[in-house]
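A short write-up of the structure that comes next.
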Amino acid sequence: MFRIGQKTKIGILVVAGLIVVAVIAIYLCKDSLLNHYAKGKFDKLEKEYGLRITYDRLHMPGINEVEIEHLTVVPHERDTLLTLRSSKVKLSLWEMLWLNAEMKRVTTDGLHLSFVKKDSLSNYDFLFKKEQRKDDQEDRKDYASKVSHLLKLLFGSLPDNGDMKDFVLSHRKDTVYTEVQVPMLHIEENRFETEINVKEGSVVRQWISRGRVHSGEKTVEAELYSKNPGKVLLPYLNKYYGAQVAFDTLSYRLTETKRGGEVTLNGKAEVCGLQLYHPGLSPEVVDLDRGRFNYTINVGKDFVELDSATTVQFNRLDFHPYIRAQKSEKWHITMAVDKPAFPADDLFSSLPKGLFSNLEGLKTSGNLSYHFLLDVDFNNLNALKLESDLKGNSFKITGYGKESLSKMNGSFLYTAYENGRPVRTFIVGPENPNFRPLDSISPLLQTAVMQSEDGSFYSHRGFRLDALRLALIHDLKVKKFARGGSTISMQLVKNVFLNRNKNLLRKLEEAMIVWLVENQGLTSKHRMYEVYLNIAEWGPMVYGACEASHFYFGKEPSQLTPEEAIFMASLIPKPKRYRSYFDENMQLRSWLGGYFRLIANRLSRKGLITEEQAAAIQPIVVLSGSAVQGFSAPKDSVTVVELPVVEETDK
């Protein structure tokens, strides 16, 4: 049997005694050590961010407790950012042995955060100060590690138990003041429920929030609703952004799991009775009865992915989006949605009220299915993929709502808009003396406009994905919306059915109406083109081919020469800039020569003029209508006007 010698026993006792003495010494000097450590940290923060941090007392009542009193943080030459009467933090003793700061209980009293901005100066500028990093290339990699680190800080700062008394978060921008106050927040065994008072100007609203936080399970879930009858109206947004967001209840849940070198975030966000308003979104209040987002997000070293197991639901419609963003030298982004056959009325009855006004009340039968793919590799933009296909199976419109989508079949009132405001209303039909049937408009003008704007109008079903794809590639390369890729059908729907307010989802409503009109044959192609040529803008307050031909040449649209027809076709993209096409001698500028030759060759291939006539055509026209009077006013800028992007192959 192994026996411990006398000397060994003495050695063990000595070491044990030294450890005990060291622990006692540390305990007795714990406040001095804590203050020394805190001073070093605070000094570093003060120097780096230009702050003044003061406190009356920082000490350790117990071996695993830290208490601070009367803490203040004041940015240099700015208003006080933070004040705290007192706070006590109880740490996990076991985690402390491993140098981890896991908080078991937190008690705070009188924590006030005050964000103040006067003119362009604020007391929180330092929060946006960029850190200087020696190895930025390495730091921007490994998104999984970054997310894991942030969540570790989040869950590490969420105590299982705690009390927060008199918490106030305020924001003052010049004379506008907003305040959020939590009189008492009590967390017991990971669960909490609290009242929140929100003061904006003279109005005070009361909310209730409740939920659960669990650092061990890495889970956060919360719910927010109004204490009094009515909706939760978010503050701040209306005064600064002209937006309103209101809802009945909002709930959220987040759970983190790890698998190898990846982080997975699972959770949900759900809102009931949502109301949104912003002029950039819609001119009307948007109502969403119920919206739900059950998500699975995977984060790896060089990618972030919204898994296709994710479900997005609004009202009766749900779908599973897939999004992946991967970084090599540049981003590679993939977005996809595949929605198999579903009742068509689930879509149209679920559209948020106020967002698709022309489709409100639309009744349908049959099924729809949808496929979408967008693949953009910024390392090779020319390889961009774009697929979009909405299919109907026994699909039929059984009843219109606010707007009849077949109204173009007869005479109707058309309103022209400028900058979102109506400027002129007139009848499109024989009742209007300026209306011209298609056979009363020169085939030269018909073909010149079509070849310039949409050469395959009579063969496509409302969309040209190839043109949209090329336009998207171009816009991404120049980093602005420079080319649209719209067909004549899309332009016509935009002008006839939409109010021309530029907002976020107008394009979606436009696309849906185009699909319905084209795929249901609500209006013939012949009639659509006739309407288009009778409402197209060709100059300042000049609408339709008849007004335009008289405005420029004092003649009927059936009498136009090839040069005159080509000139008028060139005006459609920028109709108010017609004076820029001419020099001081009222001669067309030379940069129009290429466009004239291209359209002339198209007219020749269509058999409307001979090859000899096409070769002889030059950018020469003589204005003889009332447009001549416009040259007595100050001229437009002589910058080159962007002409239509004409297809390379004849359609």
Loop-resident sites, the range 378-413, for trypsin sites (Lys or Arg not before Pro), counting at most 12 other Cβ within 10 Å (DSSP): LYS402
What spacing in nm lies between the two simple spin-label points modelled at GLU584 and GLU46, each 7 Å away from Cα in the Cβ direction? 7.0 nm
Per DSSP H run of n ≥ 4, the term is -39500 (n - 2.57); total these for the chain, divide by its residue number, and report the mean residue ellipticity at 222 nm rounded to 500 deg cm²/dmol. -8000 deg cm²/dmol
Long-range HN-HN contacts of VAL621 with modeled amide H, under 5 Å: LEU588
Relative to the chain, whose Cα atoms define the longest principal axis, helix 488-497 and its Cα axis are tilted in degrees, nearest 10, by 80 degrees
How many percent of Cα pairs in the range 438-566 exceed 17 Å? 62 percent
Taking the Cβ-Cβ separation of SER209 and GLU403 as r and a Förster radius of 60 Å, what is the calculated FRET efficiency to the nearest 0.05? 0.90
For SER86, which sequence-distant residues (separation of 5 or more, or a different chain) have an amide H within less than 5 Å of its own amide H, given hydrogens modelled in the peptide plane? HIS70, ASP109
Among the listed pairs LYS231/LYS339; LYS39/LYS90; LYS173/LYS218, which are separated by more than 28 Å between their Cα atoms? LYS231/LYS339; LYS173/LYS218
Whole-Hz Karplus ³J(HN,Hα) for the range 192-201, in order, using 6.51 cos²θ - 1.76 cosθ + 1.60 and θ = phi - 60°, x for Gly and Pro? 9, 8, 8, 9, 10, 9, 10, 10, 10, x
Among LYS146/LYS330; LYS41/LYS258; LYS407/LYS525; LYS239/LYS480; LYS146/LYS479, the pairs whose Cα-Cα distance exceeds 22 Å are LYS41/LYS258; LYS239/LYS480; LYS146/LYS479
Provide the packing ranking of 616-623, 257-264, i.e. peptides ordered by the mean count of other C-beta atoms within 10 Å per residue, highest first. 616-623, 257-264
Under a plain spin-label model, where a point goes 7 Å from the Cα along Cα-to-Cβ, how far apart in nm are ASP318 and LEU465? 2.7 nm
The range 407-632: mean projected area of Cα convex hull, nm²: 13.1 nm²
Go through 49-56, 548-555 and give me the packing order, highest mean Cβ count within 10 Å leading. 548-555, 49-56
HN-Hα couplings for the range 413-428 via Karplus (6.51, -1.76, 1.60; θ = phi - 60°), in whole Hz with x for Gly/Pro, come out as 7, 10, 10, 8, 10, 9, 6, x, 10, x, 10, 6, 10, 8, 7, 9
Mean shadow area (nm²) of the C-alpha convex hull around the range 45-125 is 6.4 nm²
The extension gain from ARG191 to GLU270, computed as 0.36 nm times the residue separation minus the Cα-Cα distance, is 26.5 nm
Along each of the three principal axes of the Cα atoms of the range 369-524, give the extent in whole Å, ordering the values from largest to smallest. 56, 38, 33
Given the convex hull over the Cα atoms of the range 303-372, what projected area results after averaging over all orientations, in nm²? 5.9 nm²
Can you pull the one-decimal nm distance between simple spin-label points at ASN419 and ALA336, each 7 Å off the Cα toward Cβ? 4.6 nm
Per-residue HN-Hα couplings for the range 367-380, Karplus 6.51 cos²θ - 1.76 cosθ + 1.60 at θ = phi - 60°, whole Hz, x for Gly and Pro? 10, 10, 9, 9, 10, 9, 8, 10, 10, 10, 9, 5, 6, 8
What percent of all Cα-Cα pairs in the chain falls into each 10 Å bin, going from 0 up to the bin containing the maximum distance? 3, 11, 17, 19, 16, 13, 10, 6, 3, 2, 1, 0, 0
Between GLN629 and LYS606, the FRET efficiency computed from the C-beta separation at R0 = 30 Å comes out, to the nearest 0.05, as 0.30
Hey, can you rank 472-479, 443-450, 524-531 by average C-beta count inside 10 Å, highest first? 443-450, 524-531, 472-479
Can you check what the net charge comes to around PHE319, using other residues whose Cβ is under 11 Å from the Cβ of PHE319 (Lys, Arg +1; Asp, Glu -1)? -2
Quick one: net charge of LEU413's neighbours, Cβ under 14 Å, K/R +1, D/E -1? 0
Summed residue charge, Cβ within 11 Å of LYS385's Cβ, Lys/Arg positive, Asp/Glu negative: -2
Relative contact order of the range 45-125, defined on C-alpha pairs under 8 angstrom at six or more residues apart (%): 23 percent
Could you grab the Rg to Rh ratio for the range 153-294? Cα atoms only, Kirkwood for Rh. 1.01
For the range 411-510, which GluC sites (Glu not before Pro) pass both filters: DSSP loop (anything but H, G, I, E, B) and at most 15 other C-beta atoms within 10 Å? GLU431
Where in the range 143-247 are there GluC sites (Glu not before Pro) that are in a DSSP coil and have at most 10 other Cβ atoms within 10 angstrom of their Cβ? GLU189
How far is helix 443-453 tilted off the main Cα axis of the chain, in degrees rounded to 10, range 0 to 90? 10 degrees
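None of the figures in this text is laboratory data; all of them are computed from the coordinates on show. Quantities reported herein were computed from a predicted structural model and do not represent experimental measurements. As a convention, Cβ positions derive from the backbone with ideal geometry for all residues, glycine included, and neighbour counts pool all protein chains shown.
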